[in-house]
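Input: a single structure, listed below in structure tokens.
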Amino acid sequence: MFFLVYLGNSLWLSLFPNYLLRLGMNSLLIGITLMVYNASLSLTFLPSGRLSDKLGRRPLIIVGSLLLALSTLYLGLTRQTETTVLAVIGQGVGLGLLVPSGNALISDVASGRGAGFVFAIYQIATLSAAVVGSFGAGALATDLGFPTMFLLSAALTGSTAVIGYLMVPETITGKVSGYASVVTESLRSSITGTVRMLQSNRELALLTGALVIHAIGFSMINPFVPLFAEEGIHLDISKVGIIISVWNAGLAVAQIPSGRMTDRVGARPMLLTHFALSSLSWVIYAWSWNFESGITTALFFGIVGALDMPARRTIMIEYATAEAGKATIIGSLDAITGLTGIFGPLIGGFMWEQMGYAAPFQAAGLINAFACAPLIVIMRRRAALRSEPTASHAAPE
């Protein structure tokens, strides 16, 4: 089911900056459009996780899939900047409803030190879809045009609503009464509850700080990866699709090793390694000068990226409590990191215009290096606690 969601999503999203370029937008407008997308996605994460824990995974997955399908269909029909932005908001809300529920559904079957491996399997399924989607996107855009690509994407994501209804188990044992009141309460408590959650757990607050810094850096370069392939390396749109496909392939093939390593050496050391190598991979990608070097650096880019989610999700679910469930933790932290990164595409677009194509990647790499500091503090704190006799029951890495 999630394979179809991410296949449909990657068909349009992997080349979306290039599509906006063809609509007549400059890099700043492209950055603003993607900033709106990230904002709508991140704002939805806040209540979405809480709703998933209270209403169950199935309703959020069904509604999110339907909204994604309708928004993608609208993207294929409109040519105006204003209506494109409106459709992008729908995309963000739809995916924002899906992601916390999808990850929480996977975490429901994960247990103990095997969580990293389970999340790696899930990531492989979604990334395999992204490999196929981004590879096919270039060919579809070239041979059939962008509108056909959007229509196919809408059909794929729409079909997942039916599959979700038939296959996703009901995770709430008792019938929820007063759906409207549950939605209202989730919206009302999404901000205050998140603040209380971070205030009560210093480690979670430090983790959030590290993820925020990383999100700012990544959001600065993410929209410009395909644009760099087209404008910086001077590749045609079909080869741009291949570059993005290789990036996703690197993410996919390294998931199992990443999940295994997460379970073996600990989630926090793996996430720290991801932060450090990400800065290096972003800078190296900006040194690409032809198709072959672009593929090579994109593959490294993807392998480094694979170190992220198995470790990140494993850490997040460790902090779940009766008051703040798994989906609540995932949704809240994804919302915070997404909201703090919404201005990244705009900053990257400004640097792209004023300082050259490599500037966003170089600046993002420098910013991202600071994400290591909060995670190092957490790891030292845990090591100190384990070294104390009274800390024999401290949570393992």
What's the number of the only condition in (1) touching an Asp or Glu at 6+ places or on another chain (Cβ under 6 Å); (2) under 21 Å from Ser159 (Cα atoms) that Ser27 fails to meet?
(2)
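Quick one: count up the residues across the stretch 306-324 that are modelled with pLDDT under 80 and not in a helix (DSSP H, G or I). Steps first, answer last, please.
Just the residues of the stretch 306-324 that are modelled with pLDDT under 80, to begin with: 317, 320-324.
Filter once more, so that each one left must be not in a helix (DSSP H, G or I): 320-324.
Here the count works out to 5.
Considering each of Ala363, Ala371, Ala359 in turn, give the residue that is surrounded by fewer than 19 Cβ atoms within 10 Å (Cβ to Cβ) and farther than 27 Å from Ile89 by Cβ. Full working, then the answer.
Working: Ala363 fails: surrounded by fewer than 19 Cβ atoms within 10 Å (Cβ to Cβ); Ala371 fails: surrounded by fewer than 19 Cβ atoms within 10 Å (Cβ to Cβ).
Unique residue meeting the criteria: Ala359.
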Would you please name the residue that is nearest to Asn9 (Cα to Cα), looking only at residues in the stretch 73-129 that are outside any helix (DSSP H, G or I) and modelled with pLDDT of 70 or more?
Thr78
Determine which single condition Arg260 fails, assuming it passes every other condition in (1) assigned to a helix (DSSP H, G or I); (2) surrounded by 23 or more Cβ atoms within 10 Å (Cβ to Cβ).
(2)
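Which residues, counting only those in the stretch 325-357, are farther than 23 Å from Gly102 by Cα and either polar (S, T, N, Q) or not in a helix (DSSP H, G or I) (or both)? Lay out the reasoning, then the answer.
So in the stretch 325-357, the residues farther than 23 Å from Gly102 by Cα come out as 343-357.
Residues satisfying the conditions are Phe343, Gln354, Gly356, Tyr357.
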Are there any pairs, at least 6 apart or on different chains, whose C-beta atoms fall under 6 Å, with the first in the stretch 206-221 and crowded, with 23+ Cβ neighbours inside 10 Å and the second part of a helix (DSSP H, G or I) and aliphatic (A, V, I, L, M), and if so, which?
Ala210/Leu375; Gly217/Ala364; Gly217/Ile367; Met220/Ile347; Met220/Ala364; Ile221/Ala364
Yes/no for Gly344 being closer than 17 Å to Ile243 by Cβ and crowded, with 18+ Cβ neighbours inside 10 Å:
no
Considering the stretch 11-30 alone, what residues qualify as being crowded, with 21+ Cβ neighbours inside 10 Å and either within 14 Å of Gly94 (Cβ to Cβ) or at pLDDT 80 or above (or both)?
Leu11, Trp12, Leu13, Leu15, Phe16, Pro17, Asn18, Tyr19, Leu20, Ile30
Got a number for residues in the stretch 256-285 being touching a Pro at 6+ places or on another chain (Cβ under 7 Å) and of a type outside the set (Gly, Ala, Ser)?
1
Please verify whether the stretch 28-41 includes one or more residues that are in contact with a Leu (Cβ under 9 Å, 6 or more places away or on another chain) and free of Cβ contacts under 8 Å to residues at least 40 places away in the same chain.
no
Of the conditions (1) within 30 Å of Ile303 (Cβ to Cβ); (2) modelled with pLDDT of 75 or more; (3) crowded, with 24+ Cβ neighbours inside 10 Å, the single one that Val132 does not satisfy is (3)
Would you be able to tell me the number of residues in the stretch 210-257 that are farther than 14 Å from Ser134 by Cβ, modelled with pLDDT under 85 and either in a helix (DSSP H, G or I) or over 20 Å from the mean Cα position of the chain (by Cα) (or both)?
3
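The values are calculated or read from the model by the stated rules, or taken from the named source; none is laboratory data. A quick note: this is a predicted structure, and the numbers were derived from the prediction, not measured. When we count neighbours, we look across all protein chains shown, and the Cβ atoms used for this are built from the backbone with ideal geometry, even at glycine.
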